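What follows is calculated from the coordinates using simple rules that are stated; it is not laboratory data. Keep in mind it's a predicted model, so treat the numbers as computed, not measured. Backbone-built Cβ (ideal geometry, glycine too); neighbour counts: all protein chains shown.
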Amino acid sequence: MNSYLAASTGADFANWARSSGLEIVLLITGAMLFSRAATFVRDRITRKIDAGFRSSDSLVRTEAAKHRHALAQVVTWVVLSIVYFLVGLEVLQRLGFQLGGLVAPAAVLGAALGFGAQRIVQDLLAGFFLITERQYGYGDVVRIAVTGSANDAEGTVEDVTLRITTLRSADGEVITVPNGQIVKVINLSKDWARAAIDVPVPATADINKVNEILHDVGAKAFADRKLKSLLLDEPTVMGVEDLTVDQMNIKMVARTLPGKQFEVGRELRVRVAAALRREGLSENNA
């Protein structure tokens, strides 16, 4: 009797393995192959976008290119999520689960997880609006205010999905921000940027002379071939921004290509410091 049951059980398992078991293997294999194919297509598209940027004379990516790059990442993530969900349902069916009978337990489970699901839905909706409104894209330098965090997340956008945004900070740290927790986004590399240089000088210094020095630095910087390619116009002197008993602060600003404000700011500070030193005003250099 036991041998008969064992043989019967073995035969049933063999039949299941040849039918439903084989289908499960094919479904999972197909999902994995589709995932690799979708990732390959996405990487090929993004490489083509990046290659077009590197082969051009542009120093920064266009807003359209940054948006297309981010859109390719989002579309791939959405498509793969849908495929994995559908494959999961098919696998459950072939394992003997009746999906119709799972409606009531799923409703109870959904109610129990409602508060947690709200956060996920919030992330997805926020990500959808971030992409459709083109608030930022791949390669943008952004500063993000996050709910519950005293410090803003700042860095270069490396990945965008409907649920999260991944940044790379200047120190090389990877920062992952759920889209639903984003309160405010400051895009530091959209269309154009501005480098602001604060120049502290002694309160006894001749303001007209200092302004002449800074104007001369700005004119020479704009005439420089290297810096001119990064500048949109000649740097300007805004005048005295702050005044104390011992010191006054003069602001100098320059409009630059997106994301190039840091490089331009560093170069202008070097030039300003050298010019002030030559004029004997180096005691309080920036």
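Neighbours of Phe34 by Cβ distance under 14 Å: Lys/Arg scored +1, Asp/Glu scored -1, total +1.
The string of couplings for the range 137-152 from the Karplus curve (6.51, -1.76, 1.60, θ = phi - 60°) is x, 4, x, 6, 9, 10, 10, 10, 8, 10, 4, x, 10, 6, 9, 6 Hz, one whole number per residue in order, with x for Gly and Pro. Panel order for His67, His215, by other beta carbons found within 10 Å of each beta carbon, from fewest to most: His215, His67. The HN-Hα couplings worked out from phi for the range 181-198 by the Karplus form 6.51 cos²θ - 1.76 cosθ + 1.60 (θ = phi - 60°) are 9, 7, 9, 8, 10, 10, 8, 8, 9, 9, 6, 7, 9, 9, 9, 10, 10, 8 Hz, whole numbers, x standing for Gly and Pro. Pairs with C-alpha atoms separated by more than 26 Å, drawn from the list Lys209/Lys260; Lys184/Lys228; Lys184/Lys220; Lys226/Lys251; Lys48/Lys260; Lys48/Lys190, are Lys209/Lys260; Lys184/Lys228; Lys184/Lys220. Counting Lys and Arg as +1 and Asp and Glu as -1 over every other residue whose Cβ lies under 12 Å from the Cβ of Thr176, the net charge comes to -2. Rounded to the nearest whole Hz, the Karplus-based 3J(HN,Hα) values (6.51 cos²θ - 1.76 cosθ + 1.60, θ = phi - 60°) of the range 65-78 follow the sequence 5, 5, 5, 5, 4, 5, 5, 4, 5, 5, 4, 4, 4, 5, with x at glycine and proline. For Leu232, the amide hydrogen comes within under 5 Å of the amide hydrogens of Arg255, Thr256, Leu257, counting only partners 5 or more places away or on other chains and with H modelled in the peptide plane.
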